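The values are calculated or read from the model by the stated rules, or taken from the named source; none is laboratory data. This is a predicted model, so every value here is computed, not measured. Virtual Cβ from ideal backbone geometry, glycine too; neighbours counted across all protein chains shown. These area figures cover heavy atoms from the full protein model, side chains too; ligands, DNA and RNA do not enter into them. Shrake-Rupley method; radii C 1.70, N 1.55, O 1.52, S 1.80 Å.
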Amino acid sequence: TELLKANSVATFVVDGSTYAIVTAGANLGDDGVQLIDVSEPSTPLAVSSAQDGVDSFMLDGPRGVATFVIGSSTYAIVACVTDHVVQIIDVSDPSALVAVGSATDGTGGFNTLRSPYDVATFVIGASTYAIVSSVTDNGVQLIDVSDPSTPVAVGEATDGGDFSLSSSR
């Protein structure tokens, strides 16, 4: 139900089943995410969805999506260009998506999240991080997502000096 203007996808495994989380929206789309069971690729199955403004989800203009695991829980992080936010979603129970945390440009040290476009996650030691590209800020925001309910801004880089990050759009 949330595939109009689908634009990004990430996959993950929960309890032996493979799922895809697809962002859809921006420019008159659905402004949400759709979870699809792709364990049997010839018959994808819609499992659940989340929409901007419903059940505390901030998903206006979703673009990039990445997944990560902390302990026994699986999460997705979605970059939303219109809200200038990244939304963290618990996808551990694919049938019941839960908004667990978010970070908004201009608050709590998040200075490079205007029009966030794409996101990737990585682990260093015991910490899990996300790096989010910002089209408007011509840079990247680094976020500690080790506690998904409370993302923490840990660094940023913008165009200029040693970095060449300006948007060519």
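From (1) surrounded by 14 or more Cβ atoms within 10 Å (Cβ to Cβ); (2) within 20 Å of A120 (Cβ to Cβ), pick out the condition that doesn't hold for T11.
(1)
For P62, are the conditions met, namely being modelled with pLDDT under 95 and under 20 Å from V154 (Cβ atoms)? Don't jump to the end; show me each part of the working.
Working: modelled with pLDDT under 95: yes; under 20 Å from V154 (Cβ atoms): no.
No, not satisfied.
Taking the conditions exactly as written (out of contact with any helix residue (DSSP H, G or I) (no Cβ under 7 Å at 6 or more places or on another chain), in contact (Cβ under 8 Å) with a residue 40 or more places away in the chain and not aliphatic (A, V, I, L, M)), does T11 satisfy them or not?
On the way: out of contact with any helix residue (DSSP H, G or I) (no Cβ under 7 Å at 6 or more places or on another chain): yes; in contact (Cβ under 8 Å) with a residue 40 or more places away in the chain: yes; not aliphatic (A, V, I, L, M): yes.
In short, yes.
For the stretch 50-66, how many residues are more than 20 Å from F12 (Cβ to Cβ) and open to solvent by 30 Å² or more (accessible area, probe 1.4 Å)? Can you show your working first?
Taking the stretch 50-66 as the starting set, the residues that turn out to be more than 20 Å from F12 (Cβ to Cβ) are 51-56, 58, 60-61.
After this cut, where a residue has to be open to solvent by 30 Å² or more (accessible area, probe 1.4 Å) as well, the list is 51-56, 58, 60.
Final tally of qualifying residues: 8.
Assigned to a strand (DSSP E or B) and open to solvent by less than 10 Å² (accessible area, probe 1.4 Å): which single residue out of V86, V47, V69 fits that description?
Values: V47 fails: open to solvent by less than 10 Å² (accessible area, probe 1.4 Å); V69 fails: open to solvent by less than 10 Å² (accessible area, probe 1.4 Å).
Sole residue among the options that is assigned to a strand (DSSP E or B) and open to solvent by less than 10 Å² (accessible area, probe 1.4 Å): V86.
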